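Structure first, commentary second.
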Amino acid sequence: MLILALLFVLQQAPATARVWDGRNAAFETYLRNAPVVQMRAIDLGVTRPKRAFFGAGGLAESAAWKPLAPGFRGGYWESYKSEIAAYELDKLLDLGMVPVVVERKIEGKTGAIILWLEGVRTWAEVQPLPKPASWPRQLARMKLFDDLIGNPDRNKGNLLVDSAWNLYLIDHSRAFLDDRALPQQIDHVDSALWSRMEAFDEATLTSALGTWLKKSQIKSMLARRDKMAATIDALVKKNGRAAVFAW
(Lines give C-alpha, C1' and ligand atoms only; values in the text may rest on other atoms or scores of the structure.)
Protein backbone atom coordinates (compact mmCIF):
# COMPACT_ATOMS: atom_id res chain seq x y z
CA MET A 1 0.00 0.00 0.00
CA LEU A 2 2.86 2.40 0.81
CA ILE A 3 4.44 1.87 -2.61
CA LEU A 4 1.10 2.39 -4.37
CA ALA A 5 0.47 5.58 -2.40
CA LEU A 6 3.91 6.98 -3.22
CA LEU A 7 3.47 6.12 -6.88
CA PHE A 8 0.14 7.97 -6.91
CA VAL A 9 1.69 11.07 -5.32
CA LEU A 10 4.60 11.07 -7.76
CA GLN A 11 2.23 10.68 -10.72
CA GLN A 12 0.19 13.68 -9.56
CA ALA A 13 3.21 15.95 -9.03
CA PRO A 14 4.63 18.19 -11.78
CA ALA A 15 6.82 16.28 -14.24
CA THR A 16 9.93 18.16 -13.13
CA ALA A 17 10.89 20.43 -10.27
CA ARG A 18 13.62 22.02 -12.40
CA VAL A 19 11.49 25.07 -13.14
CA TRP A 20 14.55 27.28 -13.66
CA ASP A 21 15.70 25.48 -16.82
CA GLY A 22 16.59 28.19 -19.35
CA ARG A 23 15.54 30.87 -16.85
CA ASN A 24 18.39 30.93 -14.35
CA ALA A 25 18.88 34.69 -14.56
CA ALA A 26 15.17 35.38 -13.97
CA PHE A 27 15.06 33.14 -10.91
CA GLU A 28 18.31 34.59 -9.55
CA THR A 29 16.91 38.12 -9.84
CA TYR A 30 13.66 37.08 -8.21
CA LEU A 31 15.37 35.44 -5.24
CA ARG A 32 17.53 38.52 -4.72
CA ASN A 33 14.68 41.02 -4.79
CA ALA A 34 11.26 39.47 -4.13
CA PRO A 35 9.69 40.78 -0.91
CA VAL A 36 9.67 38.23 1.90
CA VAL A 37 6.24 38.24 3.53
CA GLN A 38 6.78 35.49 6.08
CA MET A 39 9.66 33.54 7.64
CA ARG A 40 9.23 30.12 9.28
CA ALA A 41 11.64 27.85 11.13
CA ILE A 42 12.53 24.53 9.48
CA ASP A 43 12.88 21.61 11.87
CA LEU A 44 15.26 19.77 9.55
CA GLY A 45 19.00 19.88 9.06
CA VAL A 46 21.80 20.62 11.48
CA THR A 47 22.32 24.15 10.13
CA ARG A 48 18.75 25.13 11.09
CA PRO A 49 17.76 27.10 7.98
CA LYS A 50 14.52 29.06 7.76
CA ARG A 51 11.92 29.09 5.01
CA ALA A 52 11.20 32.46 3.44
CA PHE A 53 7.82 32.92 1.75
CA PHE A 54 7.25 35.42 -1.06
CA GLY A 55 4.08 37.15 -2.15
CA ALA A 56 1.59 35.39 -4.43
CA GLY A 57 2.01 35.41 -8.18
CA GLY A 58 5.80 35.41 -8.39
CA LEU A 59 8.25 32.97 -9.94
CA ALA A 60 8.61 31.06 -6.67
CA GLU A 61 6.50 30.52 -3.58
CA SER A 62 9.37 30.17 -1.12
CA ALA A 63 13.07 29.61 -0.52
CA ALA A 64 15.39 28.27 2.17
CA TRP A 65 17.33 30.99 3.99
CA LYS A 66 20.84 30.25 5.37
CA PRO A 67 22.71 33.18 6.93
CA LEU A 68 25.72 31.00 7.83
CA ALA A 69 28.76 33.23 8.26
CA PRO A 70 31.97 31.38 7.32
CA GLY A 71 33.38 29.58 10.37
CA PHE A 72 33.63 26.36 12.38
CA ARG A 73 30.55 24.98 14.12
CA GLY A 74 30.53 21.65 15.93
CA GLY A 75 33.83 20.71 14.35
CA TYR A 76 32.68 21.46 10.78
CA TRP A 77 33.61 24.33 8.51
CA GLU A 78 30.38 25.93 7.26
CA SER A 79 29.64 28.88 5.02
CA TYR A 80 26.68 30.26 3.11
CA LYS A 81 29.18 31.05 0.35
CA SER A 82 29.66 27.33 -0.27
CA GLU A 83 25.96 27.04 -1.13
CA ILE A 84 26.35 29.68 -3.82
CA ALA A 85 29.60 28.18 -5.12
CA ALA A 86 27.89 24.78 -5.50
CA TYR A 87 25.14 26.33 -7.62
CA GLU A 88 27.57 28.34 -9.75
CA LEU A 89 29.67 25.22 -10.31
CA ASP A 90 26.52 23.27 -11.24
CA LYS A 91 25.86 25.88 -13.94
CA LEU A 92 29.45 25.67 -15.19
CA LEU A 93 29.13 21.89 -15.45
CA ASP A 94 25.63 22.00 -16.98
CA LEU A 95 24.67 19.54 -14.24
CA GLY A 96 21.14 20.75 -13.43
CA MET A 97 21.03 19.12 -9.99
CA VAL A 98 21.56 22.07 -7.62
CA PRO A 99 18.62 24.50 -7.20
CA VAL A 100 19.13 28.22 -7.77
CA VAL A 101 21.08 29.96 -4.99
CA VAL A 102 22.03 33.63 -4.62
CA GLU A 103 23.41 35.93 -1.94
CA ARG A 104 20.92 38.15 -0.14
CA LYS A 105 20.64 40.29 2.98
CA ILE A 106 17.53 39.81 5.12
CA GLU A 107 16.93 41.48 8.47
CA GLY A 108 20.51 42.74 8.54
CA LYS A 109 22.08 39.32 7.90
CA THR A 110 23.81 38.21 4.71
CA GLY A 111 23.35 34.65 3.59
CA ALA A 112 22.32 32.24 0.86
CA ILE A 113 18.73 32.09 -0.31
CA ILE A 114 17.94 28.80 -2.05
CA LEU A 115 14.97 28.05 -4.28
CA TRP A 116 12.51 25.73 -2.52
CA LEU A 117 11.68 22.73 -4.72
CA GLU A 118 8.02 21.86 -5.16
CA GLY A 119 6.63 18.41 -5.96
CA VAL A 120 9.61 16.45 -4.68
CA ARG A 121 10.01 13.46 -2.37
CA THR A 122 12.84 12.60 -0.02
CA TRP A 123 15.44 9.91 -0.64
CA ALA A 124 13.85 7.70 2.01
CA GLU A 125 10.39 8.01 0.46
CA VAL A 126 11.47 6.86 -2.99
CA GLN A 127 13.69 3.99 -1.91
CA PRO A 128 10.85 1.38 -1.94
CA LEU A 129 9.94 2.33 -5.52
CA PRO A 130 11.29 0.71 -8.70
CA LYS A 131 13.97 2.89 -10.27
CA PRO A 132 14.20 3.95 -13.94
CA ALA A 133 17.18 3.15 -16.15
CA SER A 134 18.42 6.74 -15.69
CA TRP A 135 18.91 6.32 -11.94
CA PRO A 136 22.44 4.80 -11.86
CA ARG A 137 23.74 7.58 -14.10
CA GLN A 138 22.38 10.25 -11.77
CA LEU A 139 24.04 8.58 -8.78
CA ALA A 140 27.33 8.46 -10.68
CA ARG A 141 27.01 12.18 -11.49
CA MET A 142 26.29 12.98 -7.84
CA LYS A 143 29.44 11.13 -6.75
CA LEU A 144 31.62 12.96 -9.24
CA PHE A 145 30.20 16.31 -8.10
CA ASP A 146 30.65 15.55 -4.39
CA ASP A 147 34.25 14.43 -4.92
CA LEU A 148 35.05 17.55 -6.91
CA ILE A 149 33.63 19.90 -4.24
CA GLY A 150 34.90 17.82 -1.33
CA ASN A 151 31.46 17.43 0.21
CA PRO A 152 31.71 15.38 3.44
CA ASP A 153 28.02 15.75 4.30
CA ARG A 154 26.01 13.96 1.60
CA ASN A 155 23.20 12.02 3.27
CA LYS A 156 19.61 10.96 2.60
CA GLY A 157 18.34 14.20 4.12
CA ASN A 158 19.84 16.36 1.37
CA LEU A 159 18.75 14.35 -1.66
CA LEU A 160 15.39 15.07 -3.31
CA VAL A 161 13.62 13.40 -6.26
CA ASP A 162 10.81 14.66 -8.49
CA SER A 163 8.16 12.63 -10.29
CA ALA A 164 10.33 12.41 -13.42
CA TRP A 165 13.06 10.80 -11.29
CA ASN A 166 15.36 13.79 -11.49
CA LEU A 167 17.76 13.81 -8.54
CA TYR A 168 18.46 17.12 -6.76
CA LEU A 169 21.36 17.95 -4.47
CA ILE A 170 20.89 20.42 -1.62
CA ASP A 171 22.78 21.56 1.49
CA HIS A 172 26.38 22.32 0.50
CA SER A 173 27.36 24.64 3.34
CA ARG A 174 30.08 22.20 4.49
CA ALA A 175 31.60 21.64 1.04
CA PHE A 176 34.70 23.11 -0.65
CA LEU A 177 37.08 22.17 2.12
CA ASP A 178 40.84 22.51 1.78
CA ASP A 179 40.93 18.78 2.56
CA ARG A 180 41.88 16.89 -0.61
CA ALA A 181 40.25 13.59 0.33
CA LEU A 182 37.54 12.14 -1.96
CA PRO A 183 34.35 11.59 0.09
CA GLN A 184 32.64 9.35 -2.51
CA GLN A 185 33.84 6.07 -4.01
CA ILE A 186 33.84 6.29 -7.80
CA ASP A 187 32.68 3.16 -9.61
CA HIS A 188 31.15 4.46 -12.84
CA VAL A 189 31.68 7.67 -14.80
CA ASP A 190 29.46 9.92 -16.90
CA SER A 191 31.65 10.75 -19.90
CA ALA A 192 30.24 14.20 -20.70
CA LEU A 193 30.37 15.42 -17.10
CA TRP A 194 33.88 14.11 -16.57
CA SER A 195 35.09 15.79 -19.77
CA ARG A 196 33.89 19.14 -18.45
CA MET A 197 35.62 18.52 -15.12
CA GLU A 198 38.86 17.51 -16.87
CA ALA A 199 38.87 20.79 -18.79
CA PHE A 200 38.89 22.95 -15.65
CA ASP A 201 41.91 25.05 -14.79
CA GLU A 202 42.56 27.59 -12.06
CA ALA A 203 41.67 30.57 -14.24
CA THR A 204 38.31 29.12 -15.25
CA LEU A 205 37.33 28.23 -11.70
CA THR A 206 38.56 31.54 -10.29
CA SER A 207 36.49 33.46 -12.83
CA ALA A 208 33.33 31.51 -11.97
CA LEU A 209 33.78 30.94 -8.23
CA GLY A 210 36.38 33.40 -7.00
CA THR A 211 33.75 35.62 -5.40
CA TRP A 212 32.72 32.75 -3.13
CA LEU A 213 35.84 30.65 -2.62
CA LYS A 214 39.38 31.32 -1.45
CA LYS A 215 42.34 30.57 -3.69
CA SER A 216 43.25 27.61 -1.50
CA GLN A 217 39.76 26.13 -1.92
CA ILE A 218 40.01 26.37 -5.70
CA LYS A 219 43.47 24.77 -5.67
CA SER A 220 42.13 21.97 -3.47
CA MET A 221 39.28 21.40 -5.93
CA LEU A 222 41.77 20.96 -8.75
CA ALA A 223 43.87 18.63 -6.60
CA ARG A 224 40.78 16.50 -5.93
CA ARG A 225 40.01 16.50 -9.66
CA ASP A 226 43.51 15.17 -10.35
CA LYS A 227 43.06 12.53 -7.67
CA MET A 228 39.74 11.57 -9.28
CA ALA A 229 41.54 11.22 -12.62
CA ALA A 230 44.07 8.82 -11.08
CA THR A 231 41.25 6.81 -9.51
CA ILE A 232 39.37 6.61 -12.81
CA ASP A 233 42.51 5.59 -14.71
CA ALA A 234 43.08 2.77 -12.23
CA LEU A 235 39.48 1.60 -12.62
CA VAL A 236 39.81 1.57 -16.41
CA LYS A 237 43.00 -0.48 -16.21
CA LYS A 238 41.28 -2.95 -13.90
CA ASN A 239 37.80 -3.23 -15.46
CA GLY A 240 38.07 -1.80 -18.96
CA ARG A 241 36.88 1.56 -20.26
CA ALA A 242 33.43 0.32 -21.32
CA ALA A 243 32.69 -0.92 -17.80
CA VAL A 244 33.74 2.36 -16.16
CA PHE A 245 32.45 4.93 -18.66
CA ALA A 246 28.93 3.56 -18.67
CA TRP A 247 27.35 6.65 -20.27
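The values are calculated or read from the model by the stated rules, or taken from the named source; none is laboratory data. These numbers come from a predicted model, not from an experiment. Reconstructed Cβ throughout: ideal geometry from the backbone, glycine too, with neighbour counts over all protein chains shown. The area values use the complete protein model at the heavy-atom level, side chains included, leaving out ligands, DNA and RNA. Shrake-Rupley method; radii C 1.70, N 1.55, O 1.52, S 1.80 Å.
Just a few scattered comments:
- Screening LYS219, LYS215 for residues that are over 21 Å from MET142 (Cβ atoms), charged (D, E, K, R) and loosely packed, with under 12 Cβ neighbours inside 10 Å leaves exactly one candidate, LYS215.
- Screening the candidates LYS156, LYS143 for the property of being at pLDDT below 95, open to solvent by 30 Å² or more (accessible area, probe 1.4 Å) and farther than 16 Å from SER220 by Cβ yields one hit, LYS156.
- Single match in PRO99, PRO130 (criterion: loosely packed, with under 14 Cβ neighbours inside 10 Å and farther than 20 Å from ILE232 by Cβ): PRO130
- Test: residue in the stretch 52-67 that is closer than 16 Å to ASN151 by Cβ, open to solvent by less than 20 Å² (accessible area, probe 1.4 Å), out of contact with any Leu (no Cβ under 9 Å at 6 or more places or on another chain) and modelled with pLDDT of 95 or more: yes
- Residue list for the stretch 110-135, restricted to those being without any contact (Cβ under 8 Å) to a residue 60 or more places away in the chain, closer than 17 Å to ALA15 by Cα and part of a strand (DSSP E or B): THR122
- The single residue among GLU107, GLU83, GLU88 that is farther than 19 Å from ALA60 by Cα, of a type in the set (Asp, Glu) and within 17 Å of the chain's Cα centre (by Cα) turns out to be GLU88.
- Residue among SER191, SER173 that is touching an Asp or Glu at 6+ places or on another chain (Cβ under 8 Å) and at pLDDT 95 or above: SER173
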